[in-house]
Amino acid sequence: MDATTLALTTDMKIVLGLVVLTMVLFVFQRVRADLVALVVLVMLGLTGLVQPEDVFNGFSSNAVISVIATMILGMGLDRTGALNRLAAWLLRRAHGMEHRLLLLTSGIAGLNSSVMQNPSVMALYMPVASRLASRTGISLSRMLLPIGVAIVMGGTLTMVGNSPLILLNDLLVAANANLPSGAATLEPLNMFAPLPIGLVLLLGGLAYFHFHGNRQLRGEGDSNVTPARTESYFTRTYGIEGDVFELTVTADSPLVGMTYGEAEAIHHAPLILALQTGNESRLAPPADARIWVGSVLGVMGQRQQVADFAQNQFLRMSTRLRNFADLFNPSRAGIAEAVIPPTSKFIGKTAGELQMRSQYGISLLAVNRDKTVLRDEVRDTTLRAGDMLVVHSIWQDLGRLSSDKDIVVVTDYPKGEQRPQKFKIAMAIFAVTMLIALSGRVPTSVALMTGVAGMLVFGVLKMDEAYGAISWKTVFLMACLIPLGWAMDSSGAAAWVAGHTVEQLPTGLPIWLLEFAVALLTAAFSMVISHVGATIVVVPLAINLALAADGNPTAFAFIVALSASNNFVTQSNPVMSMIAGPGGYRPRELWKIGVPLSFIYTAIVVLMVNLLF
């Protein structure tokens, strides 16, 4: 049927209305993205646009299972200490040359992202970048953006490197049910179908920063953080300075009977990090913990500030750590920085509401937001995605919290639960997994889950760690939005929009120019409704547009899936959101570097897809 002859039906109006509603809610961010996706899913079911038995099929789709598997496999590689080995190897190969180090680190990160989700790779490389920066003196701001761009571009090397490409095959198969009679069936793409395109994109990104982009990055404002450099760094950046002292509460002290939170709020009080009452000593005690005669406070500050506080509050001051020596051992505890990723459940809540001290053993000292350091009433500050948190904790507690994916720790700190003895086993399992996927004998999701099962059986990961590796917000968002793409196709809304679009275009318009427009449209959509949402909404539209313009539907859909990751300027891209705070990047700086890069990305994608198809 000619798409231009389709009448705009009620079902089409409802689907297009849901698309517009989704975009508006995503833009204003008044409602959580995963909740928006759930509401859309429910409305698709209630209106009958998706059959009741199919409404929840997105949760069992190959795309969702593949995303879950790549997250777990990434965690398995991290647990073996592969990234620590990689940092040492990069330092040896760079021979102290900044350009070589940046090129090697970005290139290897890009290759890693071909088999792992982009945010997961970025989370793994942030402490690696911090370690490399601290050892070489290179500013972290000069490292993170090239690495982040390489990770995004490296995600296009395989069909499991990022969520849009993982989704593409499912969307192609689903589109077959609504193709016009006589149209060729759309075949799923093999595991390494995008490899030539991904290689050119990755090399293009590396060349861009090698010859041009790095000149645009500021060299000052070093954000390197390691336990060995904690004191000087936090003094310079956050005004957190001084030594650790012990203050014993006397019978005359006004602190007797106060809560820990009340003591913290005293004007000109030093940072109170620990409390001992009786035989119990702990860092980051809960705010309602009581201070009694004989209690000991572990505080940090300048000697004179601490001495004045001790005198005013009738406390005995000791410079020797008799009670807290073990707690404040740098190999066990210290100050660290951590970024809040877009998928964190901390977003929209305060540290007080989260009960960071009692629940996680974490003391929040400051928040770095858009180059502004917040230290006053920091426990009542509502947290946002991209915020940089400055915390003090035991490293083990910090590691436990970071494993839940609610924060990404930038500081290179001593980590527990590493299993270097499983390194060879993990690499062997990973290699076998890739070979199975490459063979094409089984679906990619089955191949990846085979690797997950292998890592669990051979003890590379524990079952609870596998559950913790999964970003359920990402999974839920994808699974709930997939039926929206089905509805766009089955209702005829995609065909109607495509037909009327082609009708308005000049006669004889080159197909490549239409592909270029689709690529830019997808990139714009990804800034608004995420790369997953853009893929689900635009792929059905692109397929119908190709049919109406006598183009190749698979090529158009491929361009959409590749272009959905083409966002280097806004924090709607999870990778950009994660590096903006630690790198100290200003929005103007990201636009200045990212816009030319986006046009280069689009040109490469359109050119390479036309060469391949």
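Legend: Rg and Dmax of the range 485-603, from Cα coordinates, 15.6, 50 Å.
Within the shell defined by Cβ-Cβ distances under 13 Å, the residues around ALA289 carry a net charge of -1, with Lys and Arg each +1 and Asp and Glu each -1. Which FRET efficiency, nearest 0.05, do ILE511 and ASP288 yield, Cβ-Cβ r, R0 45 Å? Taking R0 as 45 Å, the efficiency between ILE511 and ASP288 is 0.10. Kirkwood Rh over Cα pairs of the range 316-471 into Stokes-Einstein at 4 °C, 1.567 mPa s: D in µm²/s? It comes out at roughly 71 µm²/s.
Here is the tail figure for the range 261-308: Cα pairs spaced more than 18 Å apart come to 26 percent of all pairs.
Based on alpha carbons, the Rg and Dmax found for the range 333-409 are 11.0, 29 Å.
In plain terms, the residue of PHE328, PHE558 with the fewest other Cβ atoms within 10 Å comes first and the most crowded comes last, giving PHE328, PHE558.
By other beta-carbon atoms within 10 Å, ranking SER163, SER358 with the fewest at the front produces SER358, SER163.
List nothing, just return the count: lysine pairs in the chain, 8 or more apart or interchain, with Cα separation under 13 Å.
Lysine pair count for the chain: 4.
Per residue, the convex hull spanned by the Cα atoms of the range 403-496 measures out at 162 cubic angstrom. Note that the chain carries a Kirkwood radius of 25.9 Å, evaluated over its alpha carbons pair by pair. Sorting ILE266, ILE197, ILE14 by the number of Cβ atoms found within 10 Å of their own Cβ, with the fewest placed first, yields ILE266, ILE14, ILE197.
When the helices in the chain are scored as -39500 (n - 2.57) per DSSP H run of 4 or longer and the sum is shared across all residues, what 222 nm value do you end up with, to the nearest 500 deg cm²/dmol?
After summing the helix terms and dividing by residue count, I get -17500 deg cm²/dmol.
Translational D (Stokes-Einstein, µm²/s) of the range 240-353 at 20 °C and 1.002 mPa s when Rh comes from the Kirkwood sum over C-alpha pairs? Approximately 143 µm²/s, per Stokes-Einstein.
FYI, it's all coordinate maths here, none of it is from the lab. Fair warning: this is a prediction, and the values are worked out from it, not measured in the lab. Reconstructed Cβ throughout: ideal geometry from the backbone, glycine too, with neighbour counts over all protein chains shown.
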